[in-house]
Amino acid sequence: MAELDSDENILVQIHTVQGTTMKCLFESLKEILNDVNLHFDKHGMKITAMDGNKCSCVHVKLDGDKFEKYHCCRDDVVAGVNMLSLFKLIKTIGSHDTVSFTIYKKTPFQLHINFSNENKNTSTDSMLKLLDINEDIYRIPDIAFDSQINMPSVDFQKYCRDLSVISDKLIIKSSKNMLELQADGDFASQCVRIKQTNNGMSINNKKDDEEIIGQYALKYLNLFTKSTNLSNIVELYLMNSFPLILVYYVGNLGKLQYCLAPKTKED
């Protein structure tokens, strides 16, 4: 394990044994986001940003008390990063590596990254130049959705991938005891019907007699499902005429939420 620095010298330091989890998080985010601000406060790390086309929103919240070490000396330390550049530095993280991100007081425009492996007696240090990024402020409202579906994340990834050969849009329909995923294309249509199981598939609708339905771009859903390695289960939150929310848990560090606006007939 890399030797950690004295708190008096640092603005921010996070340290976790879940190195591959952090790698998977940024690997999936780089497919959607470019230049992004990481926000650190005394409670943890947050990211809230929209993709370049303003069609989807990404929200990440990692809890400080879930890290082996978490230190932030101010209420809001902002670190602007290019996601692809960051991933290039951490993509070689191995399954038993521990990871530290540090911003020092004397070099506030540099993110220092260390990953180490006690078994191999190795340690790798990198430095990423931070960016000054102007960002819009997005607030994530707390909404009680009409339908919550929990399902194995590998299954949802497969359904989205399979149906994308039929159409570029996915119709998601949730009823009392069934989830339907449908694609209507120029040459064919296909519908997958999924009932509740004891293996991670569950449907919870507020009203048993109400059907919740929405149509969403498979281009984005396929990008979102690149987060499958983060979590065995994906949570889907649905409401008529409202964006779809997908939730993946980032190990036990926190969660990643994707928000996707529904497609309309004019789209």
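Structural remarks
- Considering the stretch 71-100, and only residues there that are among the polar types (S, T, N, Q) and closer than 25 Å to residue 52 by Cβ, the residue that is surrounded by the most Cβ atoms within 10 Å (Cβ to Cβ) turns out to be 82.
- Some residue of the stretch 188-205 being surrounded by 18 or more Cβ atoms within 10 Å (Cβ to Cβ), within 23 Å of the chain's Cα centre (by Cα) and assigned by TED's automatic domain parsing to the domain that holds residue 226: yes
- Qualifying residues in the stretch 140-159 (those that are assigned to a loop (DSSP other than H, G, I, E, B) and not hydrophobic (A, V, I, L, M, F, W, C)) - the one nearest to residue 211 (Cα to Cα): 146
- Of the numbered criteria (1) in contact with a strand residue (DSSP E or B) (Cβ under 9 Å, 6 or more places away or on another chain); (2) over 26 Å from residue 142 (Cα atoms), the one residue 84 fails is (1).
- Single residue of 205, 222 found to be more than 20 Å from residue 54 (Cβ to Cβ) and among the polar types (S, T, N, Q): 205
- Take the conditions (1) in the same structural domain as residue 50 (by TED's automatic domain parsing); (2) surrounded by fewer than 19 Cβ atoms within 10 Å (Cβ to Cβ); residue 134 misses just one of them, which is (1).
- The residue of the stretch 243-267 that is surrounded by the fewest Cβ atoms within 10 Å (Cβ to Cβ), among those that are free of Cβ contacts under 8 Å to residues at least 40 places away in the same chain and over 18 Å from residue 53 (Cβ atoms), is 265.
- The residues listed here are 78, 99, 58; of these, the one that is in a strand (DSSP E or B) and under 21 Å from residue 223 (Cα atoms) is 58.
- Qualifying residue in the stretch 164-172 (condition: part of a strand (DSSP E or B), modelled with pLDDT of 95 or more, of a type outside the set (A, V, I, L, M) and surrounded by 13 or more Cβ atoms within 10 Å (Cβ to Cβ)): yes
The values are calculated or read from the model by the stated rules, or taken from the named source; none is laboratory data. Everything numeric here is computed off the predicted structure, so don't read it as measured data. In this analysis, Cβ positions are derived from the backbone assuming ideal geometry, glycine residues included, and neighbour counts consider all displayed protein chains.
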